[in-house]
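Read through the structure below, which is laid out as structure tokens, and then see the notes.
The values are calculated or read from the model by the stated rules, or taken from the named source; none is laboratory data. No experiment lies behind these values; they were computed from the predicted model shown. So basically every Cβ, Gly included, is an ideal-geometry build from the backbone, and we count neighbours across all protein chains shown.
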Amino acid sequence: MQMIETQFVVDHLILTGELFLPDTLDPPLVVGSHGLEGSRHSAKQQVLSRLLPENGMAFFRFDHRGGNSPVGI
């Protein structure tokens, strides 16, 4: 399994995410979306980031917009 950390900009905010890739070519992708007041580090997101790649699926988890850093304009 490989993990790639990424950042991307949405509405002038920097969002952080992690892509977990299995050791297979062209895997299906599952996008994790945590609940209200949660984060990409919640227990469910951590379990999915391990189990899905072990079963041949890529998993992308990210923090939503609340509490993220603004991008300098």
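A quick yes/no check of all residues on (1) more than 16 Å from Ile4 (Cα to Cα); (2) in contact with a strand residue (DSSP E or B) (Cβ under 8 Å, 6 or more places away or on another chain); (3) acidic (Asp, Glu):
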site: Thr24; (1), (2), (3): no, no, no
site: Pro27; (1), (2), (3): no, yes, no
site: Leu36; (1), (2), (3): yes, no, no
site: Arg40; (1), (2), (3): no, yes, no
site: Pro53; (1), (2), (3): no, yes, no
site: Met57; (1), (2), (3): no, yes, no
site: Phe60; (1), (2), (3): no, yes, no
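Name the residues in region 25-67 that are in contact with a Pro (Cβ under 9 Å, 6 or more places away or on another chain) and not acidic (Asp, Glu), would you? Residues satisfying the conditions are Pro27, Leu52, Pro53, Asn55, Gly56, Met57, Ala58, Phe59. For region 4-33, filtering for residues that are in a strand (DSSP E or B) and over 16 Å from His64 (Cβ atoms) leaves 7. Within region 44-73, being surrounded by 13 or more Cβ atoms within 10 Å (Cβ to Cβ) and modelled with pLDDT under 75 holds for one residue alone: Asn68.
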